[in-house]
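Report on the following structure.
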Amino acid sequence: MVKTIIIVDDDPGVRYTVKAGIEALDENYQIIPVENGMKCLEFLGNNQIPDLILLDVMMPEMTGWETYDRIKENEAWRKIPIVFLTARTDRIAKDAGDFLAEDYIEKPAKIPELKQRLDNILKK
């Protein structure tokens, strides 16, 4: 069964690397790249519910924190697991991310380790 993951990141290099890397490791993953929080909400608004969302914290217009809040406010989306994938390494962000999300992964992440962590979350 194919698992669908949205990666929300304003950096096209990160979106490409995660999509190409994860899909090369496992054909049972479909990675859908979107460039910001609004695009993520539009995708979800079209009743396209992924198995997991990988969410950058630092993005223009709508931060990952704001995107997270908007997702969790919606009853239909509330149960989607969210993993923060971010370059923010400060203790406050890490503690908040660990508390709110299923995981908090710092960039740059090695693709095999990232996939393993995603596997663990999706098995729950």
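Just a few scattered comments:
- Scope region 71-85; condition open to solvent by 90 Å² or more (accessible area, probe 1.4 Å) and either in contact with a Gly (Cβ under 7 Å, 6 or more places away or on another chain) or closer than 25 Å to G13 by Cβ (or both); matching residues: none
- The number of residues in region 86-98 that are in a helix (DSSP H, G or I), over 18 Å from R117 (Cα atoms) and open to solvent by less than 70 Å² (accessible area, probe 1.4 Å) comes to 2.
- For region 39-57, the tally of residues that are buried (at least 17 other Cβ atoms within 10 Å of the Cβ), out of contact with any Cys (no Cβ under 9 Å at 6 or more places or on another chain) and outside any loop (DSSP other than H, G, I, E, B) stands at 6.
- Selection status of T63, surrounded by 15 or more Cβ atoms within 10 Å (Cβ to Cβ) and in contact with a Cys (Cβ under 8 Å, 6 or more places away or on another chain): no
- Enumeration of residues in region 57-116 that are in contact with a Ser or Thr (Cβ under 8 Å, 6 or more places away or on another chain), without any contact (Cβ under 8 Å) to a residue 24 or more places away in the chain and among the charged types (D, E, K, R): E106
- Boolean, A101 is touching a helix residue (DSSP H, G or I) at 6+ places or on another chain (Cβ under 8 Å), small (G, A, S) and either under 18 Å from D9 (Cβ atoms) or open to solvent by 80 Å² or more (accessible area, probe 1.4 Å) (or both): yes
- Contacts under 9 angstrom Cβ, first residue in region 5-32 being within 20 Å of I121 (Cα to Cα) and without any contact (Cβ under 8 Å) to a residue 40 or more places away in the chain, partner open to solvent by 30 Å² or more (accessible area, probe 1.4 Å) and of a type in the set (G, A, S), 6 or more apart: I31/A20
- Number of residues in region 9-59 that are of a type in the set (V, I, T) and under 17 Å from R78 (Cα atoms) equals 2.
- Considering E106, E66, E42, E73, the condition of being at pLDDT 95 or above and in contact with a helix residue (DSSP H, G or I) (Cβ under 9 Å, 6 or more places away or on another chain) is satisfied by E66 alone.
The values are calculated or read from the model by the stated rules, or taken from the named source; none is laboratory data. Remember, it's a predicted structure, so these values are computed and weren't measured experimentally. Virtual Cβ from ideal backbone geometry, glycine too; neighbours counted across all protein chains shown. Ligands, DNA and RNA are stripped out before the accessible areas are found, and what is left, the full protein with its side chains, is counted by its heavy atoms. Shrake-Rupley method; radii C 1.70, N 1.55, O 1.52, S 1.80 Å.
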